[in-house]
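A.B. asks: Can you keep this structure in mind? I'll have questions shortly.
The values are calculated or read from the model by the stated rules, or taken from the named source; none is laboratory data. Being a predicted model, the structure only gives us computed values, none of them experimental. All Cβ positions, even for glycine, are placed from backbone atoms using ideal geometry, and neighbour counts span all protein chains on display. When the accessible area is computed, the model is the full protein with side chains, heavy atoms only, and any ligands, DNA or RNA have been set aside. Shrake-Rupley method; radii C 1.70, N 1.55, O 1.52, S 1.80 Å.
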Amino acid sequence: MNQPNTHPEITPDLVASHGLKPDEYQRILDLIGRVPSFTELGIFSAMWNEHCSYKSSRIHLKGLPTKAPWVIQGPGENAGVIDIGDGQAVVFKMESHNHPSYIEPYQGATTGVGGILRDVFTMGARPIACLNALSFGAPEHPRTRHLVSGVVAGVGGYGNSFGVPTVGGQTRFHSRYDGNILVNAMAVGLADADKIFYAAASGVNMPIVYLGSKTGRDGIHGATMASAEFDDDSAEKRPTVQVGDPFAEKLLLEACLEIMAADCVVAIQDMGAAGLTCSAVEMGAKGDLGVDLNLDAVPTRETGMSAYEMMLSESQERMLMVLKPEKEKQAEAIFRKWGLDFAIVGYTTPTERFVVRHGGVVMADLPIKELEAQAPLYDRPHVASPLLPTIHARDVAQPMSIADTLETMIATPELCSKRWVWEQYDHVIGGNTVQRPGGDAAVVRIEDGPKGLAMTCDVTPRYCEADPYEGGKQAVAEAWRNITAVGGRPLAITDNLNFGNPERPEIMGQLVGCLKGIAEACIALDFPIVSGNVSLYNETNGRGILPTPSIGGVGLLADFTKSATLAFKAESEAILVIGETQGWLGQSVYLRDICQREEGAPPPVDLAAEKRNGDVVRGMIHAGTATAVHDISDGGLLIALTEMAMAGHIGAQLDAAPAATLPHAYWFGEDQARYIVTVKQDDLLGVMTKLRAVEVPCVQIGVTGGDSLAITGERAVHVEHLRSAHERWLPGYMNSKN
């Protein structure tokens, strides 16, 4: 590593190694009128990489709906903020830690969780829940088992130690993630609506304070590495993976919230991607101020660190704050009490310059606003994905009976129980978890109630690849349905847009198409986006991941005790399907895993039907007429029924598929905007009458009861047999030596 005051020659190779293209380097020369110093080159590399500047996506992100009467803060801050009444606000965001988690799965996952938690408590919120969306390669790939083990242990190790429940998420397997897994972490926090803290500095000659853990050499060039494709030498990038300490972060949380409560803070910024560089520049630029840093004051845990290393280090559990001068001593006493470093490392200035000093030498002197505002912005060429043909059920052979198909599908990697994953997470710490992982959405009580929050993570990547526009719509609609299915009123989303190389027009077309679908769904469902993250270049040796725009949704329950669950509650209750079933097999799990055909157009998403059907279901939950609710998604109607039966330890007698629909398409098609709802027999007539009056499609397909799922004309399958198959695959896979 470079020692203080070493100045390597700025060569084309050095520029390229920093992820800067020749035209981008020329932009730097034009901006500052000279050759940058080595430290300045590192600063530009950090600020102008894809991960920090969104240079390929900014132009398209502008089309997303971000406003609503309940939105306090939309995209642009550490996290989004929504008003939930009674002076309370919810703060939440999702971010990726994909590349680090592939290189070093445990530390990559831990620091992903730690980073998203800091984004939330930086805003003044106490984290109350975490979720995650994990995408792994094919089970037979030689690295998959190792990656699953390390990532799940890392997520649990950090969240459990920090003391926040991990309450929900997704886990998937597909060969397209063989060389580039996805680790998307989401955190949700609670704050006073009138006590939100922001990053913009204010006032001249205000002290800039470094808080938290010491700076080391871990994570240098982490953000740059996250903006590059992988190749066969990706393991060599292990030094760019940060190392996390959840116990230090817990101390940092408590110290930050205490000095916030003591009214010491003017502005605050997490040191995340690009570390001290990004946090200092953002604080100054947002406040129209300059920043003068003295790196001699930065607490370090390694000797001889250069300015370059300190500015680019991504050591964890660190914050940067602008404090009220008269509160310095009080703030320092609080941090010392919690055993954390506290150092004044600079001051705000009126110059709008970013000046970095080390060893009495100016190592960087750059225009601070231009570091952000003049970052490259690309309108990259993009082509729409070709429209795929509709797969008609009559053209799909039924290779086995409905009962045999059910037994096979319920034990596939796609549909099997993910209990092995979420049982490694503490999902009840804090005592407010009402609905645990395994349902449609998690439910967490807000303080002592009666309000609760519903939260979920959703996306169906195979839909997004087949038709990015419909796939984007479906991801938002699925999050909306999952929150609705527990009785929540969907309020807002955060997103994590994971795609391949945007310099390939077909990949850029996927991003553009998904964003159009996401925007349309958010508008139709009154479900704005308040925060998010873009992760590009997710590919290895030119092979990209499936387009995976993860959607994290949050909704509100007025009374958490009235939330719905998916488990059958009693015998002899009527089973209703709300929404139209046409038997759409294109891109279905059935077509892929049973028929070995991963093809066709995905199911179209009728957003008006989503809104109408969901509002009716939520009304039934609030009225108390729905005894169990489950949305129908992956695997179709019979898979959803099986999940309800397994959860309630109760079977069902089901009518045969209607004559107009082929049985395999009826039971396993993935038509959208559908729910299964159970009602007591005494309520059935009233419910059906009301649904007809509002023209919402609804049909009774059977009754609960017995210990098997029995379809007229088909072999009955015992519920406990299905449960055993459902629960067996993942533990068996993880314990296997093959």
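A.B. asks: Carbon and sulfur together cover what percent of the accessible area of the stretch 282-334 at a 1.4 Å probe radius?
C.D. replies: Carbon with sulfur: 46 percent of the solvent-accessible area.
A.B. asks: Carbon-plus-sulfur fraction of the accessible area of the stretch 585-632, 1.4 Å probe, in percent?
C.D. replies: Details: 720 of 1470 Å².
Of all accessible area on the stretch 585-632, carbon and sulfur atoms account for 49 percent.
A.B. asks: A further question follows. May I ask you to list the lysines whose Cα is less than 21 Å away from that of K569, ignoring any residue fewer than eight positions away on the same chain?
C.D. replies: The reachable lysines, counting only those whose Cα sits under 21 Å from K569, are K680.
A.B. asks: Here's a follow-up. Please go through the stretch 669-738 and write out the trypsin sites (Lys or Arg not before Pro) that DSSP classes as loop and that have at most 10 other C-beta atoms within 10 Å. Present the calculation step by step, with values, prior to reporting the outcome.
C.D. replies: Details: sites: R674, K680, K690, R692, R715, R723, R728, K737; in loops: R674, K680, R715, K737.
When the trypsin sites (Lys or Arg not before Pro) of the stretch 669-738 are filtered for loop state and at most 10 Cβ neighbours within 10 Å, K737 remain.
A.B. asks: Still on this structure: As an exercise, identify the GluC sites (Glu not before Pro) in the stretch 647-738 lying in DSSP coil whose Cβ has no more than 11 other Cβ atoms within 10 Å. Intermediate values should be presented prior to the final figure.
C.D. replies: Working: sites: E670, E695, E714, E720, E727; in loops: E670, E695, E714.
Sites meeting the loop and neighbour criteria: E695.
A.B. asks: Also, quick follow-up: Whose amide H sits under 5 Å from the amide H of V361, counting only residues 5 or more places off or on another chain, with H placed in the peptide plane?
C.D. replies: none
A.B. asks: Output ³J(HN,Hα) for the stretch 662-674: one whole-Hz value per residue in order, computed from phi by the Karplus curve 6.51 cos²θ - 1.76 cosθ + 1.60 with θ = phi - 60°, and x for Gly and Pro.
C.D. replies: Whole-Hz 3J(HN,Hα) from phi for the stretch 662-674: 5, x, 5, 6, 5, 7, 10, x, 10, 4, 8, 6, 10.
A.B. asks: Follow-up question, since we're still on this one. What whole-number value in Å² describes the accessible area per residue of the chain for a 1.4 Å probe?
C.D. replies: Details: 25130 Å² over 738 residues.
For the chain, the solvent-accessible area averages 34 Å² per residue.
A.B. asks: Express the relative contact order of the chain as a whole percentage, based on alpha carbon pairs under 8 Å and six or more residues apart in sequence. Don't skip to the answer; put the middle values down first.
C.D. replies: On the way: 1901 pairs, mean separation 111.6, N = 738.
Relative contact order of the chain: 15 percent.
A.B. asks: Per residue of the stretch 517-525, what does 6.51 cos²θ - 1.76 cosθ + 1.60 with θ = phi - 60° give for ³J(HN,Hα)? Whole Hz please, x for Gly and Pro, Karplus curve as stated.
C.D. replies: Working through the residues one at a time gives x, 4, 4, 5, 5, 4, 5, 5, 9 Hz.
A.B. asks: For the chain, what is the calculated [θ] at 222 nm in deg cm²/dmol (nearest 500), taking -39500 (n - 2.57) for each run of four or more DSSP H residues and dividing by its residue count?
C.D. replies: Numbers: 24 runs with 253 residues, N = 738.
Estimated from H runs of four or more residues: -10000 deg cm²/dmol.
A.B. asks: Let me ask you something else. Starting from the Kirkwood Rh over alpha-carbon pairs, what translational D in µm² s⁻¹ does the stretch 123-223 have by Stokes-Einstein at 10 °C and 1.306 mPa s? Can you show the working numbers first?
C.D. replies: Values: Rh = 16.9 Å.
Rounded, D is 94 µm²/s.
A.B. asks: Additional query: So what is log10(I(q)/I(0)) for the chain at q = 0.05, 0.09 1/Å, when the Debye sum runs over its Cα atoms only?
C.D. replies: Taking Cα atoms of the chain as identical point scatterers yields -0.25, -0.78.
A.B. asks: Taking θ as phi - 60°, what are the ³J(HN,Hα) couplings along the stretch 165-181 by the Karplus curve (6.51, -1.76, 1.60), each to the nearest whole Hz, with x for Gly and Pro?
C.D. replies: Working through the residues one at a time gives x, 9, 10, x, x, 9, 9, 9, 10, 6, 4, 5, 9, 3, x, 7, 6 Hz.
A.B. asks: Further question: Order the following by accessible area, largest value first: D13, D119. Probe radius 1.4 Å; ligands, DNA and RNA are ignored. The partial results should precede the final answer.
C.D. replies: Numbers: D13 125, D119 10 Å².
Greatest to least solvent exposure: D13, D119.
A.B. asks: Ignoring ligands, DNA and RNA, what percent of the accessible area of the stretch 30-95 is carbon or sulfur (1.4 Å)? Walk me through the numbers on the way to the answer.
C.D. replies: Numbers: 1150 of 2250 Å².
After summing per-atom areas, the C and S share lands at 51 percent.
A.B. asks: Then there's this: In a shell of Cβ-Cβ distance under 12 Å around M310, excluding M310 itself, what net charge do Lys and Arg (+1) and Asp and Glu (-1) give? Don't skip to the answer; put the middle values down first.
C.D. replies: Numbers: positive: K214, R217, R301, R318, R357; negative: D296, E302, E309, E314.
That works out to +1.
A.B. asks: Among the trypsin sites (Lys or Arg not before Pro) in the stretch 1-77, which ones are in a DSSP loop with at most 11 other Cβ atoms within 10 Å of the Cβ? Mind listing them?
C.D. replies: On the way: sites: R27, R34, K55, R58, K62, K67; in loops: R34, K55, K62, K67.
Passing sites in the stretch 1-77 are R34, K62, K67.
A.B. asks: Moving on. Nearest 10 degrees is fine. How inclined is helix 719-735 to the longest principal axis of the chain, computing both from alpha carbons?
C.D. replies: 30
A.B. asks: A further question follows. When we measure straight from the Cα of K337, which lysines land under 22 angstrom away, once same-chain ones fewer than 8 places off are left out?
C.D. replies: The qualifying lysines are K214, K250, K324, K327, K329.
A.B. asks: Shifting gears a bit: If amide H atoms are built 1.01 Å from N in the plane of the peptide, which residues on other chains or at least 5 residues away come under 5 Å of the amide H of H427?
C.D. replies: T166
A.B. asks: Remind me, relative contact order of the stretch 339-383 in percent, using alpha carbon pairs under 8 angstrom and six or more residues apart?
C.D. replies: On the way: 24 pairs, mean separation 11.1, N = 45.
Across the stretch 339-383, relative contact order equals 25 percent.
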